[in-house]
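K.L.:
First the structure, then my questions, so here it is.
The values are calculated or read from the model by the stated rules, or taken from the named source; none is laboratory data. Values in this document were obtained by computation on a predicted structure and should not be read as measured data. Cβ: placed from backbone, ideal geometry, glycine included. Neighbour counts: every protein chain shown.
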Amino acid sequence: MNRPPPPAVLKVERLEKSFGEVRAVDGVSFRVAQGEIVGLVGPNGAGKTTTINMILGVLEPGGGRIEIEGVDLAVDRSRALSNTNFAAVYAPLPGNLTVEQNLRVFGMLYGVRDLPARIEKLLAVYDLMRYRRTKAGVLSSGEQTRLSLAKAMLNRPRLLLLDEPTASIDPSNARDIRAGIAKFVDNGLCGVLWTSHNMYEVQAVCDRVMFLSHGRIVLEGDPKTLPEEHGAASLDDLFVNVAQEALHEAGGR
Amino acid sequence: MNLSRVGAIVVRMFYLYRGSPQRVFPIFIFVAIDVLVWGFLTRYLNSVSHAGFNFVPALLGAVLLWDFLTRVMQQITMALFEDVWTRNFLNFFATPLRTSEYLAGLLIVAIITSGLSLVAMLILARAAFGLSFLTYGAPLAPFLMVLFLTGIALGVAASALVLRLGPASEWLIWPIPMLISPFAGVFYPITVLPGWMQAVALILPPAYVFEGMRSVVAGEPAPWDRLAIGAMLALVYLALACLFFFATYRAVIRTGLIARYSAETVT
């Protein structure tokens, strides 16, 4: 007997967003299931961050629907986002608060129960204990990334959005962080949408990858088998092929 | 409204004030400077005037009450500017935080800090120049309330402008009280103004406070009916300012400006 597929933590249906004449996201639909890490890759300007911003409720879609844990974001944004969290290189936490103060403020915003204990745990997990009274603004970029990830884990999110989470950290730390996130997802309750330009990383952590180009999902599948299925030597090569095809297509329009 | 989320906005500001004398200092220093400058001026005017008119409650009192309104407005916008300067809107508004909760947090911060300013002002004015706000009697409460509500309304409207126009709009915000003061009759009766300025004064709640204050100082009964009009106007402006803030927030979410705030425009 087949086991039913795990329920979706994120359902995106026919999502659209235009900026003037430019269709940044053009009818994108996908799901992220519990316990699944989904990679969202594509060239710069493909619409990845626009998609993530719409899921985070900081950008209103031009059309379509976003559902997080069964809650329609457009209907009850606050409840939908209470199950969500994110980390992105372009959204550092306030540099004039210490590591601990940042975690306390965001823990209160997410209504985290037993917040002091949760903060202690995350300080230990993300190796931030010695920086707890250090202002976030003076941390190295790698330490700031770890702080952003600790913040992202505060509310034990059901949906975790990671926009290039390891972009500014060294390979050793990046590996630890990937392992930490994979372990968190292994508990089966959280789904992750992960954008990255690092195809090695996507192959290492993602169960599924979606290629976004000109606001559309042009390719989707298992990152481990997808290159072979499309005659590419690696995911990197497949990325380049898809990006170049999309470029030619755009040029021919 | 979720109290934990409102509390987070207040706690964030508490952390910033606690670790930063440069934020605490302005709560008191501008008030102290105004008390000293206008205190000595009124003392001088009392010495050269032979009309027996006491300038201390009329002029120094007016300056300090106006200062109170300005402080309330600035404390709200200062709290918002903390998020502008740290580019924190994306972090805050990607949480379950509601706009009303964010606004409530800013208001609580403004109430606490402007309250501290007021206390400092009362102590210094009393100690250095013998001005007691109790001179105004019972109308003092509505005076402060109308000015407080107007300050909040101005602060919320100014915050909406900052949200809509971007970080560079800072310069536009600070002079707002100065632009209003000539019409509000802070230092002189409204009757000395030309007709069109008097018409503008009629829709400004502080004008009712300062007219009322001068009546009380002149020994006339407090104009309660006029103060009630001022209070109602202040409430209307506060409601309009909140609607303006919510509408602006919706607009910056619709356009995506909140996520690209430093760009000031998405076009």
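K.L.:
Residue A:56: facing chain B (nearest Cβ under 8 Å) and crowded, with 21+ Cβ neighbours inside 10 Å, yes or no?
P.N.:
Answer is yes for this residue.
K.L.:
Restricting the range A:108-130 to residues that are touching a residue at least 12 places away in the same chain (Cβ under 8 Å) and at the interface with chain B (Cβ under 8 Å from one of its Cβ atoms), which is farthest from residue A:194 (Cα to Cα)?
P.N.:
Among those residues, the one meeting the criterion is A:111.
K.L.:
Right, next: How many of the residues in the range B:75-102 are more than 24 Å from residue B:28 (Cα to Cα), aliphatic (A, V, I, L, M) and either more than 8 Å from every other protein chain (Cβ to nearest Cβ) or in contact (Cβ under 8 Å) with a residue 60 or more places away in the chain (or both)?
P.N.:
2
K.L.:
Here's a follow-up. Can you name the residue in the range A:69-107 that is among the β-branched types (Val, Ile, Thr) and either outside any loop (DSSP other than H, G, I, E, B) or facing chain B (nearest Cβ under 9 Å) (or both) and is also surrounded by the fewest Cβ atoms within 10 Å (Cβ to Cβ) among such residues?
P.N.:
A:71
K.L.:
So residue B:128 clears everything in (1) away from every other protein chain (no Cβ under 14 Å); (2) not in a helix (DSSP H, G or I) except one condition, right? Which one?
P.N.:
In the conditions (1) away from every other protein chain (no Cβ under 14 Å); (2) not in a helix (DSSP H, G or I), residue B:128 misses (2) alone.
K.L.:
Among the residues of the range A:220-233, is any in contact with a strand residue (DSSP E or B) (Cβ under 7 Å, 6 or more places away or on another chain), among the aliphatic types (A, V, I, L, M) and within 26 Å of residue A:53 (Cβ to Cβ)?
P.N.:
no
K.L.:
May I pose another question? Identify, by number, the condition in (1) closer than 18 Å to residue A:215 by Cβ; (2) more than 11 Å from chain B (Cβ to nearest Cβ) that residue A:18 doesn't meet.
P.N.:
(2) is the only condition that residue A:18 fails.
K.L.:
Follow-up question, since we're still on this one. Restricting to the range A:59-68, give me the number of residues that are over 25 Å from residue A:188 (Cβ atoms) and surrounded by fewer than 21 Cβ atoms within 10 Å (Cβ to Cβ). Full working, then the answer.
P.N.:
Within the range A:59-68, the first condition is being over 25 Å from residue A:188 (Cβ atoms), and the residues that meet it are A:59-65.
Now restrict to residues that are surrounded by fewer than 21 Cβ atoms within 10 Å (Cβ to Cβ): A:60, A:62-65.
Number of matching residues: 5.
K.L.:
A further question follows. What helices (runs of 4 or more DSSP H) lie completely within the range B:1-108 and have 1 or more residues being more than 27 Å from residue A:89 (Cβ to Cβ) and not polar (S, T, N, Q)?
P.N.:
B:3-18, B:21-48, B:61-85
K.L.:
Residues that are free of Cβ contacts under 8 Å to residues at least 24 places away in the same chain and touching a Ser or Thr at 6+ places or on another chain (Cβ under 9 Å), at least 1 per element: which strands (runs of 3 or more DSSP E) completely within the range A:167-253 meet that?
P.N.:
So the answer is A:216-221.
K.L.:
Which of the numbered conditions does residue A:29 fail, given that it passes all the others? Conditions: (1) modelled with pLDDT of 90 or more; (2) under 28 Å from residue B:97 (Cβ atoms).
P.N.:
(2)
K.L.:
Right, another one. Could you check residue B:146 against (1) crowded, with 22+ Cβ neighbours inside 10 Å; (2) farther than 22 Å from residue B:73 by Cα and say which number it fails?
P.N.:
All conditions are met except number (2).
K.L.:
Okay, moving on. Restricting to the range A:30-48, name every residue that is assigned to a loop (DSSP other than H, G, I, E, B) and surrounded by fewer than 24 Cβ atoms within 10 Å (Cβ to Cβ).
P.N.:
In the first step, residues of the range A:30-48 are kept if they are assigned to a loop (DSSP other than H, G, I, E, B); the result is A:34-36, A:42-47.
Across the range A:30-48, the qualifying residues are A:34, A:35, A:36, A:43, A:44, A:45.
K.L.:
What single numbered condition from (1) within 14 Å of chain B (Cβ to nearest Cβ); (2) surrounded by 22 or more Cβ atoms within 10 Å (Cβ to Cβ); (3) not hydroxyl-bearing (Ser, Thr, Tyr) fails to hold for residue A:133?
P.N.:
Residue A:133 satisfies all of (1) within 14 Å of chain B (Cβ to nearest Cβ); (2) surrounded by 22 or more Cβ atoms within 10 Å (Cβ to Cβ); (3) not hydroxyl-bearing (Ser, Thr, Tyr) except (2).
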